[in-house]
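Here the structure comes first, spelled out in structure tokens, and everything after it is commentary.
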Ligand code: PMT
């Protein structure tokens, strides 16, 4: 995700400085070119040699020791950056930047950069909550500096509280979000994901193999592109994506209610969830006992949520998925027309690495004219990105967002 991007990583002197090694690896693995500036105190916690080895670039530890490819000292570092990340950031560096103090390589370079700056504070809880530190954070946020909030947990000083450096994945996600153009800003995108569970006694249910990965990939990607995202999700083991409005549900009936509650506010609805078409007609209050012979469970139909949305959607863009084991294109296109979708994404289940649970998928995207685009096997994040490109075009054609008006749910 970060190919061709130059990240300048500033490291300051806190115990979390050791985590900057993993952060460097995370950035490098994503294809970024990472240059590191350490304060003198940071070098007490982790050696420049470790970071030089991991980044593959010279590490700069003070203003007077610049060497390597950088020709004009801190100005070169400042100008080369696509993004500047300070992790961990102590109260000291936050205070210095907020006060316009530039007295070492890191603070002078931050002062000189026009790149976005992401500050990741990590410190003792009382320090973090100190009103002076909070005032500095507010002041910097107001003029466009980005912050990742520290996490709660046990701190190096043995106290419990907020102050831990967020995970490298969390910081990476913020970096990608900051660097992604916000072409979906203004769109309210409602996404469903995961399986539904249809119970027939207090300990058993009927469900399917959906992991939620495809739907969560849409939520993450749409949020990165600036959309306001509501994610209605059946039970999954995935972490809730940061910055989305999350609505957890279990059964198809609950999913229907959650979706209908949010349709009016949405400009785009993307139904990735694998909704059970049937549910047990009866729910036993107690665990069904094992008896000799067979057990029959009568099933009744669940509401077809996307069909209900299709009837009331107005100009909203409606995208569905199709899970077919035969005649994918014909069946998917018929579903699109029958349920009034704008696009349908058919999973190519014949392709290894495609469909339930994989991190990858291979799909065909069909529009109302019957035009079919084939996307080869790629990550679910990339599939979501490509489908959102199509969604964006439809939004532009319809002049969305605008006032979508109320919907009549009945
Ligand atoms: O979650 P993963 O492990 O990443 O797997 C992703 C996926 C394979 C589940 C996903 O890519 C996918 O195909 N989801 C839709 C599966 C499905 O239910 O297909 P369908 O052909 O049965 O349904 C067609 C459309 O109607 C879907 O958009 C579905 O959300 C919707 N539907 C279906 C039944 C129902 N009662 N209500 C609905 O809204």
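Readers should treat all values here as calculations from the given coordinates under stated rules, not as data from a laboratory. For clarity, every value in this text was computed on a predicted model and none was experimentally measured. Cβ coordinates were reconstructed from backbone atoms using ideal geometry, including for glycine residues, and neighbour counts include every protein chain displayed.
Brief remarks follow.
- Neighbour-count order for 279, 351, fewest beta carbons within 10 angstrom listed first: 351, 279
- Measuring nothing but how far apart in sequence close Cα pairs (under 8 Å, 6+ apart) lie, relative to its length, the chain scores a relative contact order of 11 percent.
- Beta bridges per DSSP with both ends in the chain, % antiparallel, nearest 5: 35 percent
- A Gaussian network model of the chain, with springs between Cα atoms under 10 Å, assigns the largest mean-square fluctuation among 289, 114, 182 to 289.
- Among 185, 213, the ranking by other beta carbons within 10 Å of each residue's beta carbon, starting with the fewest, stands as 185, 213.
- The stretch 188-398: translational diffusion in µm²/s, Stokes-Einstein, Kirkwood Rh over Cα pairs, 20 °C, 1.002 mPa s: 121 µm²/s
- The label point for residue 185 and the one for residue 397, both projected 7 Å from the Cα toward the Cβ, are 2.6 nm apart.
- Normalised by the number of residues in the stretch 72-165, the mean separation of alpha-carbon contacts (under 8 Å, six or more apart) gives a relative contact order of 29 percent.
- To the nearest ten degrees, helix 328-338 and the longest principal axis of the Cα atoms of the chain are 80 degrees apart.
- Taking 7 Å steps out from each Cα toward its Cβ at residue 201 and residue 315 produces label points 5.4 nm apart.
- Stretching residue 208 away from residue 131 to a fully extended chain increases their span by 22.7 nm, per 0.36 nm per residue minus the current alpha-carbon distance.
- Separation of alpha-carbon centers, the stretch 320-350 and the stretch 127-191, rounded to whole Å: 40 Å
- Sorted by Cβ neighbour density within 10 Å, fewest at the top, the residues 76, 210: 76, 210
- The convex hull drawn around the Cα atoms of the chain, when projected onto a plane and averaged over every direction, covers 25.5 nm².
- A helix-only calculation puts the chain at -10000 deg cm²/dmol for mean residue ellipticity at 222 nm, using -39500 (n - 2.57) for each DSSP H run of at least four residues, averaged over all residues.
- The angle between the Cα long axis of helix 252-263 and the main principal axis of the chain comes to about 60°, on a 0 to 90 degree scale.
- Candidates 283, 341, 214, ranked by Gaussian network fluctuation over the chain, Cα under 10 Å, top entry: 283
- Note: relative contact order over the stretch 188-398, using C-alpha pairs below 8 Å and six or more positions apart, is 20 percent.
- FRET efficiency, 1/(1 + (r/R0)^6) with R0 35 Å, evaluated for residue 156 and residue 288 via beta carbons: 0.10
- Centre-to-centre separation between the Cα atoms of the stretch 1-60 and those of the stretch 239-281: 41 Å.
- The calculated pair-distance distribution of the stretch 6-179 uses every alpha carbon pair, bins of 5 angstrom beginning at 0, and gives 1, 9, 19, 24, 23, 15, 7, 2, 0 percent.
- Largest mean-square fluctuation among 97, 191, 381, in a Gaussian network model of the chain whose springs join Cα atoms under 10 Å apart, belongs to 97.
- Take the Cβ atoms of residue 378 and residue 240, set R0 to 22 Å, and the FRET efficiency comes out at 0.35.
- Counting only DSSP beta bridges whose two residues both lie in the stretch 188-398, roughly 45 percent are antiparallel.
- Volume per residue for the stretch 113-266 equals 162 cubic angstrom (convex hull of Cα atoms).
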